[in-house]
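Participant: What follows is a single structure, and I will ask about it in a moment.
Taken together, the values in this text are just the output of simple stated rules run on the coordinates, not laboratory data. All values derive from a computational prediction rather than experimental measurement. Cβ coordinates were reconstructed from backbone atoms using ideal geometry, including for glycine residues, and neighbour counts include every protein chain displayed.
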Amino acid sequence: MTAQIIDGKALASQLRAALAHDVAKLVSKGIRPGLAVVLVGDDPASQVYVRSKAKQTVEVGMESFEYRLAADTTEADLLAVVDKLNTNQSVDGILVQLPLPAQIDADKVIRAIDPAKDVDGFHPINVGLTTIGAGGIVPCTPLGSLMLLRAVRSDMSGLNAVVVGRSNIVGKPVAQLLLKEGCTVTIAHSKSRDLPAIARAADILVAAVGRPEMIRGTWIKPGAIVIDVGINRVTDETGKSRLVGDVAFAEAIEVAQAITPVPGGVGPMTIACLLKNTVEAARVRRGGF
Ligand code: GUN
């Protein structure tokens, strides 16, 4: 069996088209949603993401505010920028690109963002609200992963889901979302005993470990749905660099029922969900349509 490839690029494009429609409606009522992205330092990967976010924000009709701060910016200076954005009425969403330089406490910065503008869904208020199922802003990568799953399986109730990775940004929130879908959820991580056996029990396998091609084809239950969150840059024997996921794609495709590719899977959905969270934040905060 060769797996169905879940096309994140196409799904993200559909989502952006729907968002452009929503934004146009808001604009006709005098509300133009705005997203502020703050980048500290000059990490090349972060620069690529930030550029891409700004471009897509404008493409769906929203306003983009970009703040590029020097690598030696102090925590106090960054907190002052966040404070200004919290009170800026044209700004509906605030994203501070992670990772931050060592002199800045990322948790402190996340907690300083107005929860109503926290379109990353990282503030403890949003984490708490989503955990108890009382609303709240859902983090973009987990939300994008769920939408990709729903595209191939609308009813996940009763399925065994295994999330490999326990980060606050992906692993933990993905597990919460799958629990809400009615899955029996296992969170596996670097300390788990016999990871391949745990993975093989999964009807839904979400890989979010950040280790290139760690999850082999033999770890996958025949017919499973595989969501690969990893984006790892590797250099092959010829010196050529390419992006691979956390899953050995060529092996997995022979076993799984459906799988997301890297690139073109979760990545495009993450940015589309950021735009979605911003439109929703604008609607909630400004009472539009
Ligand atoms: N760096 C890598 N992914 C993310 C993300 O989803 N949000 C933020 N703020 N920084 C990131």
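Participant: Can you report the principal axis dimensions of region 140-201 using only the alpha carbons, biggest first, rounded to whole angstrom?
Facilitator: 31, 24, 16
Participant: Separate question: What does the helix-only formula give at 222 nm for the chain: each DSSP H stretch with n ≥ 4 adding -39500 (n - 2.57), the total divided by the residues, and the result rounded to the nearest 500 deg cm²/dmol?
Facilitator: Details: 10 runs with 119 residues, N = 289.
Calculated from helices alone, the mean residue ellipticity at 222 nm is -13000 deg cm²/dmol.
Participant: Taking 30 Å as the cut-off for C-alpha to C-alpha distance, list the pairs among LYS25/LYS108; LYS84/LYS276; LYS9/LYS117; LYS117/LYS240; LYS29/LYS117 that go past it.
Facilitator: Working: LYS25/LYS108 36 Å; LYS84/LYS276 23 Å; LYS9/LYS117 26 Å; LYS117/LYS240 40 Å; LYS29/LYS117 20 Å.
The answer is LYS25/LYS108; LYS117/LYS240.
Participant: With the dipole of the chain worked out from charges on the C-beta (+1 for Lys and Arg, -1 for Asp and Glu) around the Cα centre, which of LEU177, ILE271, VAL40 lies farthest toward the positive end?
Facilitator: So the residue furthest toward the plus end is LEU177.
Participant: On to the next question. Given a Förster distance of 30 Å, report the FRET efficiency between SER154 and GLU254 from their Cβ-Cβ distance, rounded to the nearest 0.05.
Facilitator: Working: r = 25 Å, r/R0 = 0.84.
Computed FRET efficiency for SER154 and GLU254 comes out at 0.75.
Participant: Considering the chain as a Gaussian network with a 10 Å cut-off on Cα pairs, which listed residue, VAL138, VAL234, VAL163, attains the greatest mean-square fluctuation?
Facilitator: Fluctuation is largest for VAL234.
Participant: Can you tell me the alpha carbon radius of gyration of the chain divided by the globular rule-of-thumb value 2.2 N^0.38 Å?
Facilitator: Numbers: Rg = 19.1 Å, N = 289, 2.2 N^0.38 = 18.9 Å.
Expressed relative to 2.2 N^0.38 Å, the Cα Rg reads 1.01.
Participant: Follow-up question, since we're still on this one. Post the alpha-carbon centroid distance, region 186-223 to region 28-55, in whole angstrom.
Facilitator: Distance between centres, Cα-based: 33 Å.
Participant: Could you check how many percent of all C-alpha pairs in region 193-266 are farther apart than 13 Å?
Facilitator: Numbers: 1664 of 2701 pairs.
Counting pairs separated by more than 13 Å, the tail of P(r) holds 62 percent.
Participant: Just how large is the dipole of the chain about the Cα centre, in debye to the nearest 20, putting +1 at every Lys and Arg Cβ and -1 at every Asp and Glu Cβ? Each step should come with its number before you reach the end.
Facilitator: Details: 31 positive and 29 negative charges, 117 e Å.
Using only the charged Cβ atoms, the result is roughly 560 debye.
Participant: Which of THR57, THR184, THR74 moves the most in a Gaussian network model of the chain with Cα springs under 10 Å?
Facilitator: THR74
Participant: Another one. Helix 140-152: angle to the longest alpha-carbon principal axis of the chain, degrees 0 to 90, nearest 10?
Facilitator: With both axes taken from Cα atoms, the answer is about 50 degrees.
Participant: Expected output is a single nm value to one decimal: the length gained when fully extending between ARG233 and ARG200, i.e. 0.36 nm times separation in residues minus the C-alpha distance. What is it?
Facilitator: On the way: separation 33, 0.36 × 33 = 11.88 nm, distance 2.61 nm.
Once the chain is fully extended between ARG233 and ARG200, it gains 9.3 nm.
Participant: Taking the Cα atoms of region 111-222, report the difference between the largest and smallest coordinate on each principal axis, in whole Å and largest first.
Facilitator: That gives 45, 29, 20 Å along the principal axes, largest extent first.
Participant: Return the percentage of antiparallel bridges among DSSP beta bridges fully within the chain, rounded to the nearest 5 %. Working shown, then result.
Facilitator: Values: 4 of 33 bridges.
Approximately 10 percent, going by the DSSP bridge assignments.
Participant: Picking from GLY217, GLY230, GLY133, which is most flexible by a Gaussian network model of the chain using Cα springs under 10 Å?
Facilitator: GLY133
Participant: I'd like the antiparallel share, as a percent to the nearest 5, of DSSP beta bridges with both residues in region 1-116.
Facilitator: Working: 0 of 11 bridges.
Among the beta bridges of region 1-116, antiparallel pairing accounts for roughly 0 percent.
Participant: Report Rg(Cα)/(2.2 N^0.38 Å) for region 5-143, keeping two decimals. Walk me through the intermediate numbers first.
Facilitator: Numbers: Rg = 15.6 Å, N = 139, 2.2 N^0.38 = 14.3 Å.
That works out to 1.09 for region 5-143.
Participant: Evaluate region 75-162: find the radius of gyration of its Cα atoms, find its Kirkwood radius, and give the ratio Rg to Rh.
Facilitator: Details: Rg = 15.8 Å, Rh = 14.8 Å.
Ratio of gyration radius to Kirkwood radius for region 75-162: 1.07.
Participant: Further, regarding this structure: Quick check on the exposure proxy: order VAL162, VAL262, VAL81 from fewest to most C-beta atoms within 10 angstrom. Write down the numbers at each step before the final one.
Facilitator: On the way: VAL162 27, VAL262 24, VAL81 19.
So the residues, fewest neighbours to most, are VAL81, VAL262, VAL162.
Participant: When the chain is fully extended, how far beyond the present Cα-Cα distance does ILE5 get from GLN103, taking 0.36 nm per residue of separation? Could the numbers behind the result be given before it?
Facilitator: Numbers: separation 98, 0.36 × 98 = 35.28 nm, distance 4.18 nm.
Contour length minus the Cα-Cα distance gives 31.1 nm.
Participant: As an exercise, find the ratio Rg/Rh for region 145-289 from alpha-carbon atoms, using the Kirkwood inverse-distance average for Rh. Could you put the intermediate results ahead of the total?
Facilitator: Numbers: Rg = 16.1 Å, Rh = 15.9 Å.
Rg/Rh: 1.01.
Participant: If you project the alpha carbons of region 229-271 onto their three principal axes, what span does each projection cover, largest first, in Å?
Facilitator: 32, 29, 12
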